[in-house]
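Take a look at the structure set out below.
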Amino acid sequence: MKIDSKPARSLSVGQRVQQIFELYLEMKSTPQVAKVMNERGWRMKEWTTKKGKTIGGGEFNKNKVAAVLTNATYIGMIEYEGQLQPGLQETIIKRDVFDRVQETLKQNSRMKKELNRCKHNALLQGLLGCAACNCGMSHSCTKKGSTLYRYRSN
């Protein structure tokens, strides 16, 4: 796959958003999408406050890409009192594309949690709590004499 790394300054915001969704469906990785976007010279939205301070305009990272991919505004919806409602804005992304991206994000998140959970065979991490301080327990191997301690209090 060849990625065009030239800055695409002539693209509208809507076209860029569509390309972000297409890239994610192809790559299935928010860090990789961020890398491609930064290589193309794309930056976050930039604006100036009333006091003259410039905000935004930075590079994309995996969290900023995820924020774009989960923004229901692009399918013509707005969130009001915790519920998605039809908005007045133009739809940029087709609903089926948005839903496929959400499902892929969900699967990737689930896979990452499963990989992290079993990384050190610490199957009880996140499930155990310390009786003394009520904190969560994390995996950590320590040996004291002949006794091996596998979890510690955070």
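Each value in this text was obtained by applying a stated rule to the coordinates, not by laboratory testing. Everything numeric here is computed off the predicted structure, so don't read it as measured data.
Computed quantities for the displayed model
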| read-out | value |
| --- | --- |
| Long pairs among K64/K106; K28/K53; K53/K94, criterion Cα-Cα beyond 24 Å | K28/K53; K53/K94 |
| Compactness of segment 13-117 as Cα Rg over 2.2 N^0.38 Å, two decimals | 1.18 |
